[in-house]
Amino acid sequence: MSLLQVHDVYRFYHVADEETRALRGVSLSVAPGELVVLLGRSGSGKSTLLASLAGLDDPNGGQIDIAGARMSRRPEAWRAELRAEHIGVMLQSGNLMPHLTVLDNALLTGTLLGRPDEARARDLLQQVGLGYRLHAYPSQLSGGETARAGLVAALTHNPAVLLADEPTAEVDAETEDRVAGVIEAFVTQRDGPHCAVLATHSTRLARRADRVLTLHDGRWQDDSDASPSA
Ligand code: ADP
Ligand code: ADP
């Protein structure tokens, strides 16, 4: 059974007279326990795909199902509800509230869902090397710290699906390995089905994936296998 099912997704943008085909028939199936990494040069469609999976953007064609529920081509309120229920999302545009500390940002989604877990938030922040930044505000963080704080904010409420854009941006190799370890532990947890889809430029992070898929101009590169390995 797939936790995440993407069938023939298209996303065209129209700006003035220009048409950009950001996604051109992308299919993907991710099983529980899988860590999938998306590679592809800038502009290949990684961010667009993650935004569509998160229901933040809606494709022009195709279907996206999350935990058996249809995400694509649904009203925004429906997509937001499905996202809150099943998805943790960390995008490059940032998912941290500027007026909340790192710790309070980590607790935010769980608080909204009625189950804040401060012990888990502190533990995850410690594991990604932000134990000394609990009470800092986002504006005080470096780029690498922002990415890791954003990742923990996406993980603390323990969603089924983690979607993250460059979670190890601007960190050293040792820290990157710690972050990868946190994500691996997340997808293999036994408390329920979990999976992760990460966009990255890091081959070091890609080595930790169960599957590596490469986007090229909105399509999978030939050697990409978009069916689940499990
Ligand atoms: P990356 O994900 O590689 O960091 P971005 O997603 O920010 O890069 O941007 C990739 C390309 O998409 C850039 O060429 C940028 O100009 C273009 N782009 C992003 N957002 C828009 C937009 N709202 N309108 C037009 N082009 C955009
Ligand atoms: P990546 O994340 O791999 O860098 P993106 O998904 O950001 O790629 O971009 C894919 C293509 O879609 C690019 O050609 C980009 O310019 C275009 N694009 C992305 N967002 C927008 C937008 N909001 N409006 C117009 N074009 C966009």
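Against the conditions (1) touching a Gly at 6+ places or on another chain (Cβ under 6 Å); (2) touching a residue at least 24 places away in the same chain (Cβ under 8 Å), where does P116 fall short? Just the number, please.
All conditions pass for P116, except number (2).
What do you reckon, is S72 of a type outside the set (K, R) and within 29 Å of A180 (Cβ to Cβ)?
On the way: of a type outside the set (K, R): yes; within 29 Å of A180 (Cβ to Cβ): no.
So S72 does not fit the description; no.
Can you name every residue in the range 1-50 that is more than 16 Å from ligand 1 (Cβ to nearest atom), of a type in the set (G, A, S) and either modelled with pLDDT under 95 or assigned to a strand (DSSP E or B) (or both)?
Listed by number, the residues that qualify are S2, G25, S27, S29.
Here's the yes/no breakdown for (1) assigned to a loop (DSSP other than H, G, I, E, B); (2) of a type in the set (A, V, I, L, M); (3) more than 19 Å from the chain's Cα centre (by Cα); (4) over 30 Å from S27 (Cβ atoms):
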residue	(1), (2), (3), (4)
R83	no, no, no, no
G94	yes, no, no, no
L103	no, yes, yes, yes
G129	yes, no, yes, yes
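Determine whether H201 is within 16 Å of ligand 1 (Cβ to nearest atom), closer than 28 Å to A67 by Cα and of a type outside the set (A, V, I, L, M).
Values: within 16 Å of ligand 1 (Cβ to nearest atom): yes; closer than 28 Å to A67 by Cα: yes; of a type outside the set (A, V, I, L, M): yes.
So H201 fits the description; yes.
Any idea how many residues of the range 105-127 are in a loop (DSSP other than H, G, I, E, B) and either surrounded by 16 or more Cβ atoms within 10 Å (Cβ to Cβ) or small (G, A, S) (or both)? Outline the logic, then answer.
To start, the set of residues in the range 105-127 that are in a loop (DSSP other than H, G, I, E, B) comprises 113-117.
Now narrow it down to the ones that are either surrounded by 16 or more Cβ atoms within 10 Å (Cβ to Cβ) or small (G, A, S) (or both): 114, 116-117.
Counting residues in the range 105-127 that are in a loop (DSSP other than H, G, I, E, B) and either surrounded by 16 or more Cβ atoms within 10 Å (Cβ to Cβ) or small (G, A, S) (or both) gives 3.
The values are calculated or read from the model by the stated rules, or taken from the named source; none is laboratory data. As the structure is a prediction and not an experimental result, all values here were calculated from the model. Don't worry about glycine lacking a Cβ; one is built from the backbone with ideal geometry, like all the others, and counts go over all protein chains shown.
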